[in-house]
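To start, the structure itself, in structure tokens.
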Amino acid sequence: MKRFEKKIWLATPTMHGEEMKYVQQAYETNWMSTVGENINEVERIAAEKAEMKYAVGLSCCTAALHLAVKHAGETLYGKPAISHGALEGKRVFCSDMTFDATLNPVVYEGGIPVFIDTEAESWNMDPVALERAFELYPEVKLVVCAELYGFPGRIDLIKAVCEKHGALLIEDAAEAMGATLYGKQCGSFGDYSAISYNGNKIITGSAGGCLLTNDIEVANKARKWSTQARENAPWYQHEEVGYNYRMSNVVAGVVRGQYPYLEEHIAQKKAIYDRYADGFADLPVHMNPIVEGSEPNYWLSAMIIDRECMCKQVRDDFSALYVKESGKTCPTEILETLASYNAEGRPIWKPMHMQPMYRMHEFITRDGSGRAKTNAYIAGAVSDVGADIFERGLCLPSDNKMTAEEQAQVIEIIRSCFD
Ligand SMILES: *Cc1c(COP(=O)(O)O)cnc(C)c1O
């Protein structure tokens, strides 16, 4: 097999031309600012698509999560003193196998993330482990839950557990725009939800994000906070701290031009997933699980290698080694082999409870066996689901623009690792 001349990427922006029309309009009308028609339109479309009443256009999804976390904190615990966070010293239950942007804002506000293990059947937050967490810490009032790779987990059950315990839910739907569970859009389950237009997401503005809510008070507050918290006065008047988080009207032009292609992108991503599933049908692997009643957006295809076909693999914080065995492989071998052909894969998002900065934080599993042992599965105690998926799983090249021929070669390369 030949090395790919043109690199095969994990996920890159896919432009269509209409984006430039709206960017041009912003330029010609001189709305080169954080005000303008493109922002208004993005907010209208985002709210409509997600089936939420209000969307607030922001500089990124992380900003949306921050404003959500701050608002939730003030609602639950009152307004903090000026230089204190809204969650100062409070525990917050957070997804464990996610990108760290999901919970960074909890830390910005002084909260203490407590990580909830992942469910093997969905690769998302385990509702059983969440229920257990509430038994251990009944005082907790906030849950931040992300959908992984565009494949919804049981966010409906997560929501029900939150309601039972009187907790607010923040849904990080950054990766899951357009995905549904029982016909309901991801981004519509949370009391607050966030979506992302980052460059590698299903549609993009090069950057940007929205906060989604059904509560007009939340939307108004987020708009105010995102524009430096100016009071309604003739001069700059301030009663609370503000942020420069508003979406640019130029970025909004790109997002506006992308929205009509959301369904097309999802169809392309689904075709990529289906081709992998076919290509690996006779291998000892499984693709990302699809929960019954869900329709993913298929943003990133990923797979997990069956335990008995894993060769020995050891990782420290910065590197990985493996011992090749006939008929067996591991994510490290597959990723290195793909790279040698100029194709980009990626390890599964490393679980938060395994990150150096969170080593001392609590991690709650379904059976309560406590903190991770990275090699838990070797001992037969598969209680740390996140560590296990990280050990055996990997993200596959999932770029919309990869051709069927290119993907056929990617599949052949991966199959060769099982020789
Ligand atoms: C990309 C991503 C974010 C951050 O989105 P930005 O718009 O880049 O801030 C947050 N959470 C998850 C799960 C993501 O994948």
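The values are calculated or read from the model by the stated rules, or taken from the named source; none is laboratory data. Just so it is clear, the model here is predicted, and its values are computed rather than measured. Counting neighbours? That spans all protein chains shown, and the Cβs are built from the backbone with ideal geometry, glycine included. Remember, those area values only see protein heavy atoms, side chains included, never the ligands or the DNA or RNA. Shrake-Rupley method; radii C 1.70, N 1.55, O 1.52, S 1.80 Å.
Here are some notes:
- Selection from 416, 82, 64, by position along the positive dipole direction of the chain (Cβ): 82
- Accessible-area order (highest first, 1.4 angstrom probe) of the listed residues 245, 77, 276: 77, 245, 276
- Chain lengthening between residue 419 and residue 403 when straightened (0.36 nm per residue, less Cα-Cα): 3.2 nm
- Shape category assigned to segment 66-180 from the gyration tensor of Cα positions, a/c cut at 1.5: prolate
- Computed magnitude of the charge dipole of segment 18-260 (debye, nearest 20; Cβ of K, R +1, Cβ of D, E -1): 480 debye
- For the chain, a crude dipole built from +1 on the beta carbon of Lys and Arg and -1 on the beta carbon of Asp and Glu, taken about the Cα centre, is about 660 debye to the nearest 20.
- Pairwise FRET efficiency - residue 82 versus residue 306, Cβ, R0 = 41 Å, nearest 0.05: 0.15
- The overall shape of segment 1-119, judged from the alpha-carbon gyration tensor, is oblate: a/c is not under 1.5, and a/b is no greater than b/c.
- Histogram of C-alpha separations across the chain, 20 Å bin width, %: 27, 56, 17, 1
- Accessible surface of residue 224 - all protein chains present, 1.4 Å probe, nearest 10 Å²: 50 Å²
- Of all the options 342, 200, 297, the one that moves most in a Gaussian network model of the chain with Cα springs shorter than 10 angstrom is 342.
- Label-to-label distance, nm, for residues given as residue 241 and residue 33 (7 Å Cα→Cβ offset): 2.8 nm
- You can think of it this way: the chain between residue 320 and residue 367 has 14.0 nm of extra reach, that is 0.36 nm per residue less the Cα-Cα gap.
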